[in-house]
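Rule-based calculations on the coordinates, nothing more; no lab input. Source: prediction; values computed, not measured. Here the Cβ positions follow ideal geometry from the backbone for every residue, glycine too, while neighbour counts run over all protein chains shown.
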């Protein structure tokens, strides 16, 4: 006699990384397919562990005023290699980038398909950062600092072109959708994802056709490190059946094995003559770090 257990198989990211150079190893002077580093708040360098390769380092313990002055020069074509030495900051450090803009860093836009969902994963070392997926109906401009509205306001003030009168045209964000992933909070490298809830950019905003990743380290003032930013399509869960030979097992044993994998016992039994157990992928349950398969006498990690 055989008992059948059924449930939803583990949902995973499918296919390759949709984000070009997500591992941050390609480029000349600055990572390819991302905005330019500035050499003052954002840096592209080899990690202390050579096996990890190149990573992004951010410093938010810099004066906002000094950052704005340098960003204006970067936007005008200055080289990150010519970045100034940062001025000292003092407590409580409410005049630093950490308290205002953060050290924003954008990926290039990538095309997406209507109706698709996505996983976002990244490695972070340091305090907590915000990571955003931003969605656009039209392919956005990638001019340095284009979406940093406070910085753009500063540039207008410096140029004497900012209009603050009644009815003036306001600076507005260019994105039409956004989703957030909290990451960081450890002095060691750790991987972060939002696997409990994939991103669905076109669910309520069907006009979205492009996305960008925004890395946003801010408070507390200090250094942050990021690597291996991965964006993949979400594969919906599918119904799976696990077949267990009843012979030599009590019903309680079968029920326990199914419960360990999150699969309830179905009332109907398997077809007569079944002699081999089918191996299927079962869903993750609390306390498990890997999908598992269950054979007639052991559980093995995939």
>> Quick check on packing: order 30-37, 70-77, 212-219 by the mean number of other C-beta atoms within 10 Å, highest mean leading.
In response: 212-219, 30-37, 70-77
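Order of 187, 107, 65 from fewest to most other C-beta atoms within 10 Å? It would help to have the intermediate numbers written out before the result.
Numbers: 187 8, 107 23, 65 13.
Least to most surrounded, the residues fall as 187, 65, 107.
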>> As a test of the definition: which semi-axes, in Å, follow for segment 13-234 when you take the square root of five times each eigenvalue of its alpha carbon gyration tensor? Largest first, please.
In response: 27, 24, 16
>> Give me the extension gain from residue 79 to residue 191: residue separation times 0.36 nm, minus the current Cα-Cα distance, reported in nm with one decimal.
In response: 37.1 nm
>> Sorting check: for 84-95, 199-210, which peptide has the highest mean count of neighbouring beta carbons within 10 Å, and how do the rest follow?
In response: 199-210, 84-95
